[in-house]
Amino acid sequence: MLEAYVKERRKERDILLMTHIVLGYPSFEESHNLVKTMVEAGVDLMELQIPFSEPIADGPVILHANQQALAAGATVKQCMDFAGDVARSYPIPFLFMSYYNILFKYGVERFAEEMNRRGLKGAIVPDLPPEEANGYLRAMERFGLDPVFIFSPTTPDTRMGEIAAVGRGFIYCVARKGVTGLDTHFTRQLEEYLARCRRATSLPLALGFGVKNRTDIDFLRGKADIAIIGTQTIRLMDEGGIDAVRAFIEGLR
Amino acid sequence: MIDRGYHSGFGGAFLPEILVATFEELERVFREAKGDPAFWREYTDLMSTYSCRPTPLTYAGNLTRHFGGARIYIKREDLNHTGAHKANNVMGQGLLVKRMGKTRVIAETGAGQHGVATATMAAKFGFQCTIYMGEVDVERQRPNVFWMERLGAQVVPVREGTRILKDAINEAFRDWVGNMDTTHYVLGTACGPHPYPEMVSYFQSIIGREAREQILEREECMPSRVYACVGGGSNAMGIFSGFLEEPVELVGVEAGGKGLRSGRHASRLCSADASVGVAQGYKTYFLQNTDGQMLETHSVAAGLDYVGVSPLLAHFKENGRVRFEAATDQEVVEALALTMRMEGLIPALESAHAFAQAFKEVSELSRDEAVIINQSGRGDKDIFTIADAFEDPAWKDFIRKKAEKTHA
Ligand SMILES: Cc1ncc(COP(=O)(O)O)c(C=O)c1O
């Protein structure tokens, strides 16, 4: 489903934008304003992170946002309600991003059922490799949701093929080693990596980790289908509030 | 199907994609080493020359007479170099690092024990070394920070989350996902993604192998019970592994903190506050809320103050092979005091949990039975923590004067 959406949308735009927010940071009200602003500024998809106390793949900025959201009392139930609300109100696809324990404790089957009921389209679970994902894959399939899986520069070609075989929607290509929020060098090497990803799958490719300005996005045109912006908008929100986020996203196209 | 380290559904390897290749390499190198008889010889040789292996099994005659029940033996892991069983795991992983050709090691530490052990290993083998330690533990275990730095390690205080052991583990993972080409993560306990639980237990099994031989030599029969404290579970897995196939009751003792109903403890296998979850790369019992967010833990012993527990021990909980109990901070301090006065031994606060539980039970056993308590580490290096736990007035006075002098 997401795959068709991305391919259709790509006929009009040479690269799509997916943004990432941490639900409940700095508050649910602000999260809502962020969604509204981002959609109005032309974002094509959004990743809604359900905060988790142990986000091992996230760097300082997103880690801090997770902790603040939890300290302010964010619950999974609130995140579900919020997601249902924005999915109903805005015309773009929304995905959940969280760590596996959140799904596991909720009950993977029940989690998928809820996602479907609330109009979400897919999920990204960075600590759930395909080898551990049987139950998750079954539940996502059953409820017509796309499990988005991850490629990294250390993933060998054969494994990319195996991952692509179970992934749906698009592939999340991690740009480099390290956690979220560090700098990425948009170089020849990254281009070669994306070409390797391209050969491994016909699914759309989304590139994330370290995308932070128009130059980065220009680099990605023609090499990836979706540019993912995570840490940078959280940083901007912290520094300049919602207006800074709007100006930033409008400037990316 | 590739072995993903599952036992009764606990274990697994919930890894971010970027680390999958690193774990494949680690698994391969560990398997090769394990299958190579020369490797275990190299390991035991190292442990008998650099550390103090085999460590003795001490008969505690005075404690035995005091309780009037089973004969009490104490396995002396405190006599390892750096004062705890942590050296067993660290030196073993150090040999694997050499095989992998990596040049840098990182580790988390709670009590500081594992950090100090890793720093000595790094110094000996010529590796760069970074240790992650929760800010709360940096405060509690300042002397260990001093030693790590003197040994050439960089100590990074972790200010995220609850600022204790689990947060240090998260930070070590965050370092590792960026630096795995040069760096090995020396995880300090039998937790984490496969193959860590098995690998750490393998190196710690040296405790059980020795203890089994030693008790047979002394008693000519198996002990009735073996006691070990359980933080992540490595010293317990180590000593239990020598007795798994025997009719020996194995008792794992968790941190009861202020009591199992206080919400201030670190008991995952015998409190209702824990449930099965997936975090830090593996599936086990965690102290977590209904949403799956990890809870704060508490123990007088920093080394037991952890939200998760070895998936191998969760498996033994499930199949009933190990009995799990909890000892409170209060009981632990009392057991420590008694052991010092009666035997002249100074167990670490962590180890004193095993003593406390054994003391509750040995009188029930007959005089011709024997029990072993694993003294996983020594307490004299924890002088600040133990002196605090005892609220020793003369010590407080000393600290005050020392502080004045430092300021002068
Ligand atoms: C002396 C001592 N005993 C026990 C532990 C707990 O660890 P484990 O359960 O892995 O043996 C620690 C941890 O730091 C320790 O320092």
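No value in this document is a laboratory result; all are computed from the given coordinates. The structure displayed is predicted, hence computed values, not measured ones. Counting neighbours? That spans all protein chains shown, and the Cβs are built from the backbone with ideal geometry, glycine included.
Please give the net charge around B:Arg159, taking every other residue with its beta carbon less than 10 angstrom from that of B:Arg159, where Lys and Arg add +1 and Asp and Glu add -1.
Working: positive: B:Arg163; negative: B:Glu135, B:Glu160, B:Asp167, B:Glu171.
Taking every Cβ under 10 Å from that of B:Arg159, the sum is -3.
Would you work out the charge dipole size for region A:2-252 about its Cα centre, treating the Cβ of every Lys and Arg as +1 and the Cβ of every Asp and Glu as -1, and quote it to the nearest 20 debye? Walk me through the numbers on the way to the answer.
Details: 29 positive and 33 negative charges, 110 e Å.
Computed charge dipole of region A:2-252: roughly 520 debye.
From the Cα gyration tensor of chain B, with a ≥ b ≥ c the square roots of its eigenvalues, which class applies: rounded if a/c is under 1.5, or else prolate if a/b is larger than b/c, or else oblate?
Working: a/c = 1.34, a/b = 1.14, b/c = 1.17.
Rounded shape, in that the Cα axes give a/c under 1.5.
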Looking at region B:208-266, which GluC sites (Glu not before Pro) are in a loop (DSSP not H, G, I, E or B) and have at most 12 other Cβ atoms within 10 Å? B:Glu220, B:Glu245
Where a Cα-Cα gap under 18 Å defines reach, which lysines qualify for B:Lys360, not counting those fewer than 8 residues away within the same chain? B:Lys258
The set of residues whose placed amide H lies less than 5 Å from the amide H of A:Val211, leaving out same-chain residues fewer than 5 positions away, is A:Gly230
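Measure up B:Lys166/B:Lys396; B:Lys98/B:Lys166; B:Lys166/B:Lys283; A:Lys36/A:Lys121; B:Lys75/B:Lys102; B:Lys34/B:Lys102 against 24 Å on the Cα-Cα distance and list the ones that go over.
Numbers: B:Lys166/B:Lys396 30 Å; B:Lys98/B:Lys166 27 Å; B:Lys166/B:Lys283 15 Å; A:Lys36/A:Lys121 18 Å; B:Lys75/B:Lys102 34 Å; B:Lys34/B:Lys102 19 Å.
Where the Cα-Cα span goes over 24 Å, the pairs concerned are B:Lys166/B:Lys396; B:Lys98/B:Lys166; B:Lys75/B:Lys102.
Quick one: net charge of B:Cys229's neighbours, Cβ under 9 Å, K/R +1, D/E -1? Walk me through the intermediate numbers first.
Details: positive: none; negative: B:Glu254, B:Glu350.
Around B:Cys229, the charge tally is -2.
Using a cut-off of 13 Å between beta-carbons, work out the net charge of the residues near A:Pro130 (Lys and Arg +1, Asp and Glu -1, A:Pro130 not included). List each step's numbers first, then the result.
Numbers: positive: A:Arg138, A:Arg159, A:Arg168, B:Arg4; negative: A:Asp127, A:Glu131, A:Glu132, A:Glu162, B:Glu17.
It works out to a net charge of -1.
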Positive-pole candidate from A:Pro51, A:Tyr5, A:Gln68, dipole of region A:2-252, charges at beta carbon: A:Tyr5
Looking only at lysines whose Cα falls under 19 Å of A:Lys11's and that sit 8 or more positions away or on another chain, we get A:Lys223
Put +1 on the Cβ of each Lys and Arg and -1 on the Cβ of each Asp and Glu in region B:136-210; which of B:Phe173, B:Gly161, B:Ser205 then has its Cα farthest toward the positive end of the dipole? B:Gly161
Over 23 Å (Cα to Cα) among B:Lys86/B:Lys405; B:Lys124/B:Lys381; A:Lys177/B:Lys124 -> B:Lys86/B:Lys405; A:Lys177/B:Lys124
Work from the charge dipole of region A:2-252 (Cβ charges, +1 for Lys and Arg, -1 for Asp and Glu, about the Cα centre) and give the residue of A:Ile92, A:Gly240, A:Tyr106 farthest towards its positive end. A:Ile92
Shape verdict for region B:288-408, please, from the Cα gyration tensor: rounded (a/c under 1.5), prolate (a/b greater than b/c) or oblate. oblate
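Add -39500 (n - 2.57) for each DSSP H run of 4 or more in chain B, then divide by its residues: what number comes out at 222 nm, to the nearest 500 deg cm²/dmol?
Numbers: 15 runs with 186 residues, N = 408.
Value at 222 nm, helices only, nearest 500: -14500 deg cm²/dmol.
Placing unit charges on C-beta atoms (Lys and Arg positive, Asp and Glu negative, everything else neutral), compute the dipole magnitude of the protein assembly as shown about its Cα centre in debye, rounded to 20.
Details: 75 positive and 86 negative charges, 156 e Å.
The dipole magnitude comes to about 760 debye.
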